[in-house]
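Just below is one structure, and these are the notes that go with it.
Readers should treat all values here as calculations from the given coordinates under stated rules, not as data from a laboratory. None of the values given here were measured: they were computed from a predicted structure. No Cβ is skipped: glycine too gets one built from the backbone with ideal geometry, and neighbour counts run over all protein chains shown.
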Amino acid sequence: MKLSTKGRYGVKAMFDLALNSDEDPIPLKDIASRQEISESYLEQLISGLRKAGLVKSVRGAQGGYLLAKSPDKITVGEVIRTLEGPMAPSECVVEDTQACEKSDYCVTRLVWKKMKDSVNEVMDSITLQDMVDEYSSINKEK
C-alpha cells in the first residue's frame, strides 16, 4: 500500500493551512511555494478538499483558502481518504465492495482487514493540530 502524490501533497497542503492559519485566507501560490508543490496540481487537490468540506475558499484580492474546521477536528485520515479513496491493501476488504465467493473462509482476507483497520486507526488518530504541535516542538529544539 503506497500513497500517491495526491495523498502526500494533500496532507502537506492541509498542514500548511493549519500552520499558517491566522484568520486570513492563504493564497494557493504561497502554499505551493512553501511546500514545493506545483500550483496547478495543488488547485486540483484543493478542489477535492473543498468539495469534501475540509477547506473554504475566499474570493477577491485578499482571497485564498482556509480550513473549514479547526485543525483539531480534521484528521489525516479524512484528508487522505478524500483524495485517495479507501485505504485498503486489497479490494476484498473495501466497504461497499462485494466480497469474492471465498471470503467466508479466506485466511488472507483476515490479514488484509487487520492491515486496513490498523492503517485507518493510525490515520484517524492524528489531527492537523497534532502535526502543527509536533512541528512546533521540533522547531523549538533547534
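Please state the charge dipole magnitude for the chain, taken about the Cα centre, from unit charges on C-beta atoms (+1 on K and R, -1 on D and E), reported in debye and rounded to the nearest 20. Taking the Cα centre of the chain as origin, the dipole is about 280 debye. Could you tell me the relative contact order of the stretch 9-81? Use alpha-carbon pairs under 8 Å, at least six residues apart, and round to a whole percent. Computed value for the stretch 9-81: 37 percent relative contact order.
If you plug the beta carbon distance of Val111 and Ala52 into 1/(1 + (r/R0)^6) with R0 = 30 Å, you get a FRET efficiency near 0.50. Taking other residues whose beta carbon is less than 13 angstrom from the beta carbon of Lys29, and scoring Lys, Arg as +1 and Asp, Glu as -1, yields -4.
Judged by the mean number of other Cβ atoms found within 10 Å, the most tightly packed of the peptides 47-58, 110-121 leads the ranking 47-58, 110-121.
Placing unit charges on the Cβ atoms of the charged side chains and taking the dipole of the chain about its Cα centre, the candidate lying farthest along the positive direction among Ser21, Val55, Gly10 is Gly10.
Lysine pair count for the chain with Cα-Cα distance under 23 Å and sequence separation of 8 or more or different chains is 29. Across all C-alpha atoms in the stretch 14-142, the radius of gyration and Dmax reach 18.1, 60 Å.
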